[in-house]
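The values are calculated or read from the model by the stated rules, or taken from the named source; none is laboratory data. The structure displayed is predicted, hence computed values, not measured ones. Backbone-built Cβ (ideal geometry, glycine too); neighbour counts: all protein chains shown. To get the accessible areas, we keep the full protein, side chains included, count just its heavy atoms, and leave off ligands, DNA and RNA. Shrake-Rupley method; radii C 1.70, N 1.55, O 1.52, S 1.80 Å.
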Amino acid sequence: MADKVLGQERLTQEEGVILFEKGDLGFVGALANHVRERMHGDKTYFNRNFHIEPTNVCVFTCKFCSYSRLYKNREDGWELSVEQMMHIVQKYDNQPVTEVHIVGGVHPKMDLNFFCELLQRIRAHRPDLHIKAFTPVELDYMFRKAKLTVEEGMKKLYDAGLQSMPGGGAEIFHPEVRNEICHDKVDADGWLAIHRAAHNPGMHSNCTMLYGHVEKFWHRVDHMERLRNLQDETHGFNTFIPLKFRNKDNDMAHIPESSVIEDLRMYAIARLYMDNIPHLKAYWPMLGRNSAQLTLAFGVNDLDGTIDDTTKIYSMAGSEEQTPSMNTAQLALLIRQAGRRPVERDTVYNEIKDYTDVEFSDNEILAKA
């Protein structure tokens, strides 16, 4: 298999499973680092972003979720109005952020028109801010409620100002697992169809996989194969993001979390298998800073962004980062400490600034993000 990777030949599903079953960390890590450096050298990307989470009230009952509250228990959660979300955007008016990332629960009262108004107002207020928003789980519900096809719904959002999509809601595609952990939300075909509809007019998106719970290795490979096939068709995915299952305060709390070694193997094998998706991201608020730093030697070339403590999705699930926020200096130094070149990017990976040789003052390092 090493010869195939070095010769830039595609791995089969059977070979992917063998890597998970028998590939030791040093072997897959060295190969993944070779691929990472062939594709990106020492560059490690990040962006300046913030999140808006409109609500954690949700009609779905995913067993792994520590974040959502059912509609009947909505007093235990939050529901933001368009005006409240615009106040969050306005907080960043004089800051050099380049992206707002909008995801949340599936609220029955927050429909397509509600979110189109939000997109239009953000676009009117700050045209230079890239809007990355909504998982297929949210969109499937919106479109069905609005009685629109996927293509019609995507066009309406695109016209309102949506520019790209995050990768959430994929979990594990195979119905054997999906029916056990998230039976009531959009299935694999629906998830892929929405990303296909986003890609066709030229929009880019990310893709994810939730690993480390009840799935078997072959489920992971099956999941990556479906993403790889869609990428062959559309070339619309920028980034693959393996997401580690966290077990705090959810219906799968009895399942132990994966070890750091298994996390690093997951990233490395993902880099080897996902040969047509250019970037591999470790989401540092989920993994914690130290583990995210380690992934940079195992195929990863992106650490997401500054975040500014604007997401609760993983902190509520028990991640190491309970208040996820790093300023640009802190993120750049984290990358430099791992022997890599920190490069600020925009959402679609246009390079903004290389921080390899930038000197930071103590005030810059200690400043709030």
Next item on the list: Quick one: pull the percent of accessible area on the chain belonging to carbon and sulfur, 1.4 Å probe, ligands and nucleic acids left out.
Entry: 50 percent
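Calculate the dipole size of the stretch 184-264 relative to its Cα centre from +1 charges on Lys and Arg beta carbons and -1 charges on Asp and Glu beta carbons; express the result in debye to the nearest 20.
On the way: 9 positive and 13 negative charges, 34 e Å.
Here the size comes out at about 160 debye.
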Next item on the list: Please give, to one decimal in nm, the separation of the simple spin-label points placed at ARG38 and LEU6, each 7 Å out from Cα toward the Cβ.
Entry: 1.0 nm
Check: Pairs LYS132/LYS155; LYS109/LYS248; LYS132/LYS353; LYS4/LYS353; LYS63/LYS91; LYS4/LYS244: which exceed 26 Å Cα-Cα?
Finding: LYS109/LYS248; LYS4/LYS353; LYS63/LYS91; LYS4/LYS244
Notebook entry, point to check: Pick from PHE143, PHE237, PHE245: which is most flexible by mean-square fluctuation in a GNM of the chain where alpha carbon atoms under 10 Å apart are linked?
Noted result: PHE143
Notebook entry, point to check: Is the shape of the stretch 17-148 best called rounded, prolate or oblate, per the rule: a/c under 1.5 gives rounded, else a/b larger than b/c gives prolate, else oblate, with a ≥ b ≥ c the square roots of the Cα gyration tensor eigenvalues?
Noted result: oblate
Margin query: 7 Å from Cα along Cα→Cβ at both LYS145 and ILE255: what's the point-to-point distance in nm?
Written below: 2.8 nm
Note to self: Every cysteine in the chain with no other Cys Cβ under 4.7 Å from its Cβ, please list them in numeric order.
What the structure shows: CYS58, CYS116, CYS207
Notebook entry, point to check: Using the Kirkwood radius built from alpha carbon pairs, what does the Stokes-Einstein equation give as D for the stretch 143-260 at 10 °C and 1.306 mPa s, in µm² per second?
Noted result: 104 µm²/s
Check: Per the Kirkwood definition applied to all pairs of different Cα atoms, how many angstroms is the hydrodynamic radius of the stretch 329-369?
Finding: 10.9 Å
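Determine the per residue accessible area of the chain with all protein chains present and a 1.4 angstrom probe, expressed in square angstrom. Please report the intermediate quantities before stating the final value.
Working: 14840 Å² over 369 residues.
Ligands and nucleic acids excluded, the result is 40 Å² per residue.
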Next item on the list: Return the FRET efficiency for the residue pair VAL358, PHE27: r is the Cβ-Cβ distance, R0 is 35 Å, and the value is rounded to the nearest 0.05.
Entry: 0.50
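Considering only the chain, what is the antiparallel percent among its DSSP beta bridges, to the nearest 5? Before the final figure, lay out the partial values.
Working: 4 of 33 bridges.
Percentage antiparallel, nearest 5: 10.
What's the magnitude of the charge dipole for the stretch 29-143 around its Cα centre, counting Lys and Arg as +1 and Asp and Glu as -1 at the beta-carbon? Answer in Debye, nearest 20.
On the way: 14 positive and 14 negative charges, 49 e Å.
Magnitude of the dipole: close to 240 debye.
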Notebook entry, point to check: Who wins for biggest fluctuation among ASP263, ASP24, ASP357 in a Gaussian network model of the chain, springs between alpha carbons below 10 Å?
Noted result: ASP357
